[in-house]
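This report refers to the structure that appears directly beneath it.
The values are calculated or read from the model by the stated rules, or taken from the named source; none is laboratory data. Given the structure is predicted, the values throughout are model-derived calculations rather than measurements. Cβ coordinates were reconstructed from backbone atoms using ideal geometry, including for glycine residues, and neighbour counts include every protein chain displayed.
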Amino acid sequence: MSELTTIARPYAKAAFELAVEKGTVESWNDMLFFAGHVASNEQVDSALSGLSKATDQAEFFIKVCAEQLNEHGQNLVKVMAENGRLVALPAVAELFTAFKAEYDKEVDVDVTSATSLAAEQQESLVAALEKRFARKIKLNCSVDESVVGGLVIKAGDKVIDGSIRGKLSRLATTLQS
């Protein structure tokens, strides 16, 4: 995946810069999200691999996406097809979303708890995390009974393990050393 990310980064960056310049970041995000899903579809992938010319691949892809791609999105598909990079379109969409989140000063936070969190608990958690990260927080909650109690919070590469399981694990490591 890191190779695809390396390939996708310049396309995502160029698309993002154009979207910011034109004030169309949200529509670009939707368009690339859709195009990324189309590109990762097995039937579309096999149909594209059956076409040898880049122009044929671009035309086919644009027809499949229909009105979901505006003129600029169609140009991106054509350029990527000419360079044999349509396979990287899902990674372009993913990177674009990351650029958008950074631009919007927004962070996706995954929270795992032993039981489901009440609305008040989620609101208080969001307020505390917004203060800590100085960004808008998009909370994704999940339940894992093996946590036992407390929370495991993951925001990007940061992990805050306040679970009982984590505390017991750290205690066991300390006692063993």
## Note on the structure
Of the residues in the range 139-157 that are at pLDDT below 90 and under 25 Å from Tyr103 (Cβ atoms), the one that is surrounded by the fewest Cβ atoms within 10 Å (Cβ to Cβ) is Asp157
### Task
Test Val109 against the criterion of being crowded, with 17+ Cβ neighbours inside 10 Å, hydrophobic (A, V, I, L, M, F, W, C) and within 13 Å of Trp28 (Cβ to Cβ), and give yes or no.
no
#### Entry: Residue, farthest from Glu26 (Cα to Cα), within the range 74-97, restricted to residues that are buried (at least 23 other Cβ atoms within 10 Å of the Cβ) and among the small types (Gly, Ala, Ser)
Ala81
#### Entry: Options Glu102, Glu130; residue that is without any contact (Cβ under 8 Å) to a residue 24 or more places away in the chain, under 25 Å from Ala19 (Cα atoms) and either of a type in the set (Gly, Ala, Ser) or not in a loop (DSSP other than H, G, I, E, B) (or both)
Glu102
### Task
Assess whether Thr6 counts as being touching a residue at least 12 places away in the same chain (Cβ under 8 Å) and under 27 Å from Lys154 (Cβ atoms).
no
### Task
Determine, yes or no, whether Ala155 is on the phi > 0 side of the Ramachandran plot, under 23 Å from the mean Cα position of the chain (by Cα) and touching a residue at least 12 places away in the same chain (Cβ under 8 Å).
no
### Subset of the range 134-161 (residues that are assigned to a strand (DSSP E or B) and either touching a Cys at 6+ places or on another chain (Cβ under 6 Å) or polar (S, T, N, Q) (or both))
Asn140, Ser142
